[in-house]
Structure formats: structure tokens, C-alpha cells
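The structure under discussion appears below in the form of C-alpha cells.
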Amino acid sequence: MERYRVEPGGRFSLATVDPRDRSAFPDLKKSTSITELRSMRRHLAELQRLLWADAHHAVLVVLQAMDTGGKDGTIRKVFSGVNPQGIDVRGFGVPSDLERDHDYLWRVHLQAPRRGRIGIFNRSHYEDVLVVRVNDLVPRERWQKRYRHIRDFEQMLTDEGTTIVKIMLHISLDEQKERLQARLDDPSKNYKFNPSDLDSRAKWDDYMAAYEDAINETSTDQAPWYVVPADRKWHRNLVVSQILIDTLESLDLSYPEPEHDLSSIEIV
Ligand code: ADP
């Protein structure tokens, strides 16, 4: 999945990622991808069981995307085989009064995953350099310092035992149009339609510039960004699954040694 990983150094351009790309699994198509996804789910479930048993590492998956980008669908499809006890999904919406009375990382740190668990952030502290920047919710002097805060915060989490992987689901403007239209046309999707999504759509270029800067400023060896083509949902699901499998496999996980000498125990 290296092809989707953003190397540190600040030279990444979003224009280099085609949202319709399917090159990671060129031999598959939608109809044949499900077998592969099922096998990845099983693998992910085994790795998560090991993470839980090992109990030394936490894994944090940050998911960011434009509206309709597929964060919810990705979580549903990728994690549906994993033991729910070992997964914490956290969403970050408009900050409450209490949250606003603290620094912007306060609510985020509170939700950081425990050892042995996979924490999924459905939106994250990156909103504080995305929606906040695009809509001028705080002055530039303030949000500009946040890239450094975020790098330091993520470094601290990493130093203390959390493995971080950050994923931007990259959809095209055309694909977003189709998905928004489907929310208007399909009664079972009406509830998902939020007129404010049209405001962010109108500011697409500003958002892309904000994403590009955030990714360039904060993709590090310890907490890398992956920009995943996301117009094709089946390909997106496979890529995200494989990134997580690779991440968990890179940890030195093992089942703990039994605390007692089991050879002398006889069950009668
Ligand atoms: P989603 O759109 O992910 O399904 P919601 O409907 O709860 O979730 O929307 C969350 C909204 O909260 C988004 O519009 C997002 O931009 C906004 N939001 C998240 N974090 C912040 C923040 N720090 N400041 C302002 N708005 C935020």
C-alpha cells in the first residue's frame, strides 16, 4: 500500500491521486472483490485478537473525508468481522460549549484508544485545520500553529505506545454530486442529507488546499497519511483493510505467556 502513503517532506500534491484509481487490485472488480474482502476481514479479526491479548499497543486510525466520502461505509465494511469489544469508534462534530472552553486537543486526547484496542476517529483533530481554516472559525495565526501542535501530540502518543495511521478517503467532485443526489432521491438515504454539505461542496477547492497542507505538514514516519482513492467503494475497502493489516503486522504482537505452569494442571 506504499503507493498511497505520503512520504514526509511536504511535497505531496492531491492532484497526483486519481479518485477512480483501482491499481492496487487490478485483477479484481466489484463483483469479485467480496471474496478478497472476506479473507481480509478474517485476517484483521485475528490480528485484533492478538492486539487485545498482547495488551501493550494501542492503534489509532484517523479517518477524514469530504462529506459523502465514505467514512461510515468504510468502518462498516472493513471492521464488520472484528470483535466489537476491541474497537472504539469516535465521531467528532461541532464542538460543544464544554469542548470549546478547552484547547482543541482536549476532547481528542480523552478519546485516544486504550492499549489492546483499535480506536477509529470518524473525523478528528484535523477538523481544526480543515473546516476551521476554510470557514475562518479562528484567525490564521492560531490555526497555523496547530500543525506543530498536532505533530507533537501524535509524536507523544506514538512514544507512549499508540500506533497511528491516518487515512484520507479521496473522492472526486463528480462522485460527491452523485452521492448527494442519491441522498435526495432515495427515501432510505434522505435522513443523511444535510443542506450544509452544499456549503462545503461550494468551497471544494479551499478544502482541497487545506487537506493538502494538513497532509504535507503532518505526514511523518511515525504517523503517516495515506490518501486512498475512494470513488470505487470496493477498491477503497480493500485498500483500507490492507493498510490496517500491514500496520498491525508491523507491530511485535504475541500472545502472553501463561502466568501459571499449565502442564501440572489437571481438570477432573
Ligand atoms: P458526519 O458528517 O461525519 O456524518 P456530523 O453530521 O456529526 O458527522 O457532522 C460533523 C460536523 O461537525 C461536520 O460538518 C464537521 O465539519 C463539523 N466539525 C467537526 N469538528 C469541528 C470543529 N472542530 N469545529 C467546527 N466544526 C467541526
Exercise. What is the antiparallel percent of DSSP beta bridges lying wholly in the chain, to the nearest 5?
Worked result: 10 percent
For this session: Take the chain, connect every pair of alpha-carbon atoms lying under 10 Å apart with a spring to form a Gaussian network, then pick out the residue of Asp103, Asp197, Asp221 with the largest mean-square fluctuation.
Result: Asp103
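Given the pairs Lys77/Lys233; Lys30/Lys189; Lys71/Lys192; Lys30/Lys233, which span a C-alpha to C-alpha distance of over 18 angstrom in this model? Before the final figure, lay out the partial values.
Working: Lys77/Lys233 10 Å; Lys30/Lys189 22 Å; Lys71/Lys192 13 Å; Lys30/Lys233 8 Å.
In this structure, Lys30/Lys189 exceed 18 Å between Cα atoms.
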Seminar exercise, completed: Largest fluctuation, Pro84, Pro224, Pro95 only, Gaussian network model of the chain with Cα springs under 10 angstrom, belongs to Pro95
Exercise. Lys/Arg Cβ at +1, Asp/Glu Cβ at -1, dipole of segment 46-104 taken about the Cα centre: which of Gln64, Thr74, Ile87 is farthest positive-ward?
Worked result: Thr74
Problem set entry | Rough spin-label spacing in nm, given labels placed 7 Å along Cα→Cβ, for Asp186 and Thr35 | 2.6 nm
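Where Lys and Arg each count +1 and Asp and Glu each count -1, what net charge lies around Leu110 among other residues with Cβ under 10 Å from its Cβ?
Numbers: positive: Arg90, Arg107; negative: Glu99.
Within the 10 Å Cβ shell, the charges total +1.
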Seminar exercise, completed: Residues whose modelled amide H sits under 5 Å from the amide H of Ile120, counting only those 5 or more places away in sequence or on another chain, are Val61, Asp88, Val89, Arg90
For this session: Whole Å is fine, so just give me how far the alpha carbon centre of segment 178-229 lies from that of segment 148-163.
Result: 25 Å
Exercise. Working out 0.36 nm times the residue gap between Asp221 and Ile267, then minus their Cα-Cα distance, what length gain in nm do you get to one decimal?
Worked result: 11.6 nm
Problem set entry | Radius, Kirkwood style, for the chain when every pair of distinct Cα atoms is counted (Å) | 19.8 Å
For this session: Once you've got the GNM for the chain with C-alpha springs shorter than 10 Å, pick whichever of Pro258, Pro139, Pro19 has the biggest mean-square fluctuation.
Result: Pro258
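DSSP loop GluC sites (Glu not before Pro) in segment 178-268 with at most 14 other Cβ atoms within 10 Å of their Cβ, which ones? Could you put the intermediate results ahead of the total?
Details: sites: Glu178, Glu212, Glu217, Glu249, Glu259, Glu266; in loops: Glu259, Glu266.
Of the GluC sites (Glu not before Pro), the ones in loops of segment 178-268 whose Cβ has at most 14 other Cβ atoms within 10 Å are Glu259, Glu266.
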Seminar exercise, completed: Counting sequence-distant residues (5 or more places) and residues on other chains, those with an amide H built under 5 Å from that of Thr162 are Ala58
Exercise. Kirkwood hydrodynamic radius of segment 1-112 from all distinct Cα pairs, in Å?
Worked result: 17.4 Å
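Values in this text are rule-based calculations from the coordinates and carry no lab data. Computed from a predicted structure; not experimentally measured. No Cβ is skipped: glycine too gets one built from the backbone with ideal geometry, and neighbour counts run over all protein chains shown.
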